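The structure appears below as structure tokens.
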Amino acid sequence: MLTNCAAAEGYEISPRFRAIIEERIHRLERDAEADEAQVARLEDIDHIRRQLRLVAVQRAEALRMRLFLDRAKPRLPRPLIGI
């Protein structure tokens, strides 16, 4: 029950962590494009299948991270003066 409430509310993440995740998403998408371009050079059907599976996994991971960021909201900085 608590898990459903937490999932509905989303997550709070720091701006630095968000930047790291966004960088990882861009790297995954860039690598997926490069790996997909390599398929034209491959001849062995098993190698082509593995390469396409790699591309699919990279894109799925990038999508999963994007969905995480969509649910995440920025964490507010701590106050400098203790209350």
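Give me the 1.4 Å probe accessible area per residue for region 5-83, excluding ligands and nucleic acids, in Å². Mind showing how you got there, number by number?
Working: 6500 Å² over 79 residues.
With the other protein chains kept in place, region 5-83 gives 82 Å² per residue.
How far, in degrees from 0 to 90, does helix 15-38 lean away from the longest principal axis of the Cα atoms of the chain, to the nearest 10?
Rounded to the nearest ten degrees, it is 10.
Heavy atoms only, probe 1.4 Å: what % of the accessible area of the chain goes to carbon and sulfur, would you let me know?
Numbers: 4030 of 7040 Å².
Roughly 57 percent of what the probe reaches on the chain is carbon or sulfur.
For the Cα atoms of the chain, what angle does the longest principal axis make with the long axis of helix 45-71, in degrees from 0 to 90, nearest 10?
10
As a check on your grasp of the helix formula, calculate [θ] at 222 nm for the chain: sum -39500 (n - 2.57) over DSSP H runs of n ≥ 4, divide by the residue count, round to the nearest 500. Before the final figure, lay out each step's value.
Details: 3 runs with 59 residues, N = 83.
Only helices count here, giving -24500 deg cm²/dmol.
Taking the chain on its own, what percent of its Cα-Cα pair distances exceed 23 Å?
Details: 1538 of 3403 pairs.
Tail of P(r) above 23 Å: 45 percent of Cα pairs.
Which residues among region 50-83 fall inside the zone where the amide N is under 13 Å from a point 7 Å beyond the Cα of GLU12, along Cα→Cβ?
It comes to 73-79, nothing else.
The values are calculated or read from the model by the stated rules, or taken from the named source; none is laboratory data. What you see is a predicted model, and the numbers here were worked out from it, not measured in a lab. When we count neighbours, we look across all protein chains shown, and the Cβ atoms used for this are built from the backbone with ideal geometry, even at glycine. When the accessible area is computed, the model is the full protein with side chains, heavy atoms only, and any ligands, DNA or RNA have been set aside. Shrake-Rupley method; radii C 1.70, N 1.55, O 1.52, S 1.80 Å.
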